[in-house]
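The values are calculated or read from the model by the stated rules, or taken from the named source; none is laboratory data. Since this is a predicted model, take the numbers as computed values, not measurements. Backbone-built Cβ (ideal geometry, glycine too); neighbour counts: all protein chains shown. Surface accessibility is based on the protein's heavy atoms, side chains included, excluding ligands, DNA and RNA. Shrake-Rupley method; radii C 1.70, N 1.55, O 1.52, S 1.80 Å.
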Amino acid sequence: TQLLEQSPQFLSIQEGENLTVYCNSSSVFSSLQWYRQEPGEGPVLLVTVVTGGEVKKLKRLTFQFGDARKDSSLHITAAQPGDTGLYLCAGLNYGGSQGNLIFGKGTKLSVKP
Amino acid sequence: DAGVTQSPTHLIKTRGQQVTLRCSPISGHKSVSWYQQVLGQGPQFIFQYYEKEERGRGNFPDRFSARQFPNYSSELNVNALLLGDSALYLCASSLIGGLNTGELFFGEGSRLTVL
């Protein structure tokens, strides 16, 4: 069974701090996605990384896909209260359909003003 | 434009009952996937349908079934409900059901509580 392990599970920081969330697996994925989910809502896609070693930036968020395509990280610079939410990584298998993603358990981030 | 819509948003059932959850994808999207999200966990894949055909099935018992209609809307049915079926059921749509088709759009989910 393929698993995606996310760490930390919970993170509570002050506004302005930096943080990194990790997503690790023993399996290789064709691509990896990061989602943010807020209470009472469905996950919303932030980014898709496809190439090993790829780095993508979305404003204050930086996403990296490991060289071996087994792990990924999300780094947030100068976190703001609006960044609060559940961050989920999701992997797509080689030959898999886009609708069939393997999700990690998520990192619950709380940014205090 | 409307996003993915799901109904009902909340429902309470008792053990042994049956439930039907409904999903309307974004206009023009032909693929619908269902996920179960238990409290404190990430979503777990249940089914994918594309052009009314099942394209994938997760590791769920036969009590779970789904179908897709000609207008691409979908229903998820769960029979003989167990306490462990209590979860947020998410529906997601995408343009096509093939490989690396891009963004998956999720609805707000149906919160099922089994007593």
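Could you compute how much accessible area chains B and A hide from each other, both sides summed, with a 1.4 Å probe? Nearest 100 Å² is fine.
1600
Using a 1.4 Å probe on the protein heavy atoms, what percent of the accessible area of the protein assembly as shown belongs to carbon and sulfur? Could you put the intermediate results ahead of the total?
Details: 5510 of 10860 Å².
C and S fraction of accessible area: 51 percent.
What is the distance in Å between the Cα centres of the range B:4-57 and the range A:29-96?
The range B:4-57 and the range A:29-96 have Cα centres spaced 23 Å from each other.
For chain B, what is the relative contact order in percent, using Cα pairs closer than 8 Å and at least 6 residues apart in sequence?
Values: 296 pairs, mean separation 42.0, N = 115.
About 37 percent, as a whole number.
Charges at C-beta only: +1 for Lys and Arg, -1 for Asp and Glu. How large is the resulting dipole of chain A about its Cα centre, in Debye rounded to 20? Each step should come with its number before you reach the end.
Details: 10 positive and 9 negative charges, 19 e Å.
Roughly 100 debye, rounded to the nearest 20.
Run through all the Cα pairs of the protein assembly as shown and give the fraction in each 5 Å bin from 0, expressed as whole percent.
Per 5 Å bin, starting at 0, the Cα pair percentages come out as 1, 7, 15, 18, 19, 16, 12, 7, 3, 1, 0.
How far is it, in nm, from the label point at B:R22 to the one at A:R60 when both lie 7 Å from their Cα along the line to the Cβ?
With each label placed 7 Å out from Cα toward Cβ, I get 4.2 nm.
Over the range B:6-70, what relative contact order in percent results from Cα pairs under 8 Å that are six or more residues apart?
20
Among the lysines, which fall within straight-line cross-link reach of A:K56, defined as a Cα-Cα distance under 22 Å, with same-chain neighbours fewer than 8 residues apart omitted?
Output for A:K56: A:K70, A:K108.
Mind putting a number on the dipole of the protein assembly as shown about its Cα centre? Charges go on the C-beta only, +1 for Lys and Arg and -1 for Asp and Glu, and I need it in Debye to the nearest 20. Before the final figure, lay out each step's value.
On the way: 20 positive and 18 negative charges, 46 e Å.
My answer is approximately 220 debye.
What number comes out for accessible area per residue over chain A if the probe is 1.4 Å? Units Å², please. List each step's numbers first, then the result.
Details: 5280 Å² over 113 residues.
I get 47 Å² per residue for chain A.
Explain nothing, just compute: Karplus ³J(HN,Hα) = 6.51 cos²θ - 1.76 cosθ + 1.60, θ = phi - 60°, for every residue of the range A:84-90 in order, whole Hz, x for Gly and Pro.
Using θ = phi - 60°, the values come out as 4, x, 9, 9, 10, 9, 9 Hz.
Residues of the range B:17-54 that become at least 30 Å² less accessible with every protein chain present than in their own chain isolated, using 1.4 Å: which are they?
Going by heavy-atom accessible area, the residues of the range B:17-54 that drop by at least 30 Å² are B:Y35, B:Q37, B:Q41, B:G42, B:P43, B:F45, B:Q48.
Rank A:P8, A:L19, B:Q36 by how far each Cα sits towards the positive end of the charge dipole of the protein assembly as shown (+1 on Lys, Arg Cβ; -1 on Asp, Glu Cβ) and give me just the farthest.
B:Q36
Roughly how many Å² is the accessible area per residue of chain B, as a whole number, for a 1.4 Å probe? The partial results should precede the final answer.
Numbers: 5570 Å² over 115 residues.
For chain B, the solvent-accessible area averages 48 Å² per residue.
Among all the lysines, which ones have a C-alpha under 26 Å from B:K30's C-alpha, if same-chain residues fewer than 8 places away are not counted?
B:K52
How many percent of DSSP beta bridges within the protein assembly as shown run antiparallel, rounded to 5? Before the final figure, lay out each step's value.
On the way: 70 of 79 bridges.
Roughly 90 percent of the DSSP beta bridges within the protein assembly as shown come out antiparallel.
Run down the aspartates and glutamates and flag those whose C-alpha is under 15 Å from the C-alpha of B:K13, throwing out any fewer than 8 positions away in its chain.
B:D85
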